[in-house]
Amino acid sequence: MPLRQPTYANHRDEKSGIFPLDRFDLPRRGPPEWRAMQDENDRYMGYAIREAQRAMESGEVPVGCVIVHEGELIAKAHNQREMLQDPTAHAEILAITAAAARLGSWRLENTRLYVTLEPCAMCAGAIILARIPEVYFGAYDPKAGCCGTLMNLLEDPRFNHQPAVFPGLRSEECGALLTTFFRNIREQQRNGGDGV
C-alpha cells in the first residue's frame, strides 16, 4: 500500500466544497518513521489542547498554541484577549512572541507551530513574518480561518514565505472544546448571565 502524504488545507472536495476532517491522518501501517512522526505531532497537539483548556478555565475562547524548535517545545500560550483586553492576544501571537524571545531572533526557522484552531488573518500574517516553516492546526474556523477556509494566506505564492500547512490534527478534540465553550456561553446568556 503506497503511503499518502498529508494534504494541505486549500484542497477542498470538488463535489461538496468542504474539507474532509481526516486530512492529516497518516496510515498507521508503514515505515516506523511515519508512525513516529504522527505520534510526535499528536503529542505536541496535546500540549496545545492543554493550553486551550487553560484558556477555557479562565473564561477565554479555548485556543491553545505551542511552538517546537528542533524537537524541543520552546513556547506555549493560549488566548488572553479578555484578560489583557487586547484584540491581538491570540494564542499564536503570544506563542510567537515567546518563541522569538527564547531564540533571540524574530526568524523562527526550524520550528513547527501547533494550534487548536485554524489561524485567522492576523495570526497567519505573523506566521509568515516569523518564517515558521510548518503549521499544524486542529479545527477549521468557518468564520475567520485563513489557512484554507475563507482564504489561504499561508500558501499564497505572492508572499515571500509559504509554510507547509497540515490541517485537521486531532480536529474532533479541538472542535469539541470550542463547541462546549460556546454552548456554555449561550446557556449563561439565556439564564441572564454574562457571556464573553
Ignoring ligands and nucleic acids, what accessible area does D39 show with a 1.4 Å probe (Å², nearest 10)? 80
Non-local residues with an amide H under 5 Å from the amide H of L117, with H modelled 1.01 Å from N and Pro and chain starts lacking one, are G64, G138, A139
C-alpha center-to-center spacing [region 55-83, region 135-196] in angstrom: 14
Would you pull out the residues with amide H under 5 Å of N79's amide H, same chain only if 5 or more places away, H placed 1.01 Å from N? V63, A91
Tell me, what is the percent relative contact order of region 35-149, built from C-alpha pairs under 8 Å that lie six or more residues apart? 21
Could you derive backbone 3J(HN,Hα) for region 86-103 from the dihedral phi with the Karplus parameters 6.51, -1.76 and 1.60 (θ = phi - 60°), listing whole Hz in sequence and x where the residue is Gly or Pro? 10, x, 8, 7, 7, 4, 5, 5, 5, 5, 4, 4, 5, 5, 5, 5, 5, 8
In Hz, Karplus ³J(HN,Hα) per residue of region 137-151 (6.51, -1.76, 1.60; θ = phi - 60°; x = Gly, Pro): 10, x, 8, 6, 10, x, 9, 9, x, 10, 10, x, 7, 7, 6
Mean projected area in nm² (Cα convex hull; one quarter of hull surface) for region 61-196: 8.3
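The values are calculated or read from the model by the stated rules, or taken from the named source; none is laboratory data. Everything numeric here is computed off the predicted structure, so don't read it as measured data. Remember, those area values only see protein heavy atoms, side chains included, never the ligands or the DNA or RNA. Shrake-Rupley method; radii C 1.70, N 1.55, O 1.52, S 1.80 Å.
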